[in-house]
Amino acid sequence: MFKQMINVIERRGANPKNTMADLSFGPHRASCALGAGGLTAHKTEGDRKTPIGEFELRRLWMRQDRVRAPEMAFPIAFPIHYISPKSGWCDAPESRFYNRPIERPFAASHERLWRRDGLYDVFFELGYNDVNPIAGEGSAIFLHLQKNNFNPTLGCVAVSWRSMAFLLRHARPGCRVDIARNA
C-alpha cells in the first residue's frame, strides 16, 4: 500500500535556530514556518522548538464560522472536528488531560483554539506525544496556518492557505509528516 509522506526539511543557514523549512508533498512545494527555537530531537514543554521525527496526521480541526468544508470544491478524506469558543488544548504537564483537547473554562494551563488571528481556522493535529502522553515532553503540535509572513511558531509547522488547501485535497488518513534537518 502507498504511504503518503509530507516532507518538511529545515532550510540551511548559519542560524542554529532556523525557523523556516521547505515542505514537499507530491508535486507541491512551498515554504513553511517552524518553532522559534528551531528543531529538536528532545522536545520539552514550552521550549518553542519543533520536534524532529515522523508524525501521523491524526485529526482535522476547523472553525465552521470561517471555513465551510461542505462548500469546498473537493472532498476532504479526514473527519472534521469543529472548534468553538470553548475549545482548548491542555498544555499543563501535571494534568491528566495533558496534550488533549479540553473544553474551556479549564483550570489547568491550556491553549485557546478559537483565535482572532486565523492560525487555527483549519489545522491538523500531529501524532506527537499523544498515545500515552509523557508529561513535559511537549503538547499541541499542529500543522496549522501561518501568520505575518511565516513568523516562527511555538513548535508547530505553519503553512500558507494555498498549501493547506493542497493538503486538504490530497492527504488521506495515515498520511505522515517527516520533519527533519537539512543533511
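Residues being over 15 Å from the mean Cα position of the chain (by Cα) and more than 15 Å from residue 48 (Cβ to Cβ): count how many of those fall in the range 116-162.
Qualifying residue count for the region: 10.
Which pairs do you get when a residue that is small (Gly, Ala, Ser), found in the range 138-154, comes within reach of a residue that is assigned to a strand (DSSP E or B), reach meaning Cβ atoms under 8 angstrom, with the pair 6+ apart or on two chains?
Listed by first residue and then by second, the contacts come to 138/51; 139/89; 139/90; 140/89; 140/111.
If I filter the range 162-183 for residues that are without any contact (Cβ under 8 Å) to a residue 60 or more places away in the chain and part of a loop (DSSP other than H, G, I, E, B), do I get at least one hit?
yes
Yes/no per residue for (1) more than 17 Å from residue 142 (Cα to Cα); (2) out of contact with any helix residue (DSSP H, G or I) (no Cβ under 8 Å at 6 or more places or on another chain); (3) loosely packed, with under 14 Cβ neighbours inside 10 Å:
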residue: 6; (1), (2), (3): no, no, no
residue: 38; (1), (2), (3): no, yes, no
residue: 53; (1), (2), (3): no, yes, no
residue: 77; (1), (2), (3): yes, yes, no
residue: 91; (1), (2), (3): no, yes, no
residue: 95; (1), (2), (3): yes, yes, no
residue: 109; (1), (2), (3): yes, yes, no
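Just checking, does the range 50-60 include any residue being in contact with a Gly (Cβ under 9 Å, 6 or more places away or on another chain) and assigned to a loop (DSSP other than H, G, I, E, B)?
For the range 50-60, residues in contact with a Gly (Cβ under 9 Å, 6 or more places away or on another chain) and assigned to a loop (DSSP other than H, G, I, E, B): absent.
Here, each number is a calculation from the coordinates, and none is a lab measurement. From a predicted model like this one, the values you see are computed outputs, not experimental measurements. Don't worry about glycine lacking a Cβ; one is built from the backbone with ideal geometry, like all the others, and counts go over all protein chains shown.
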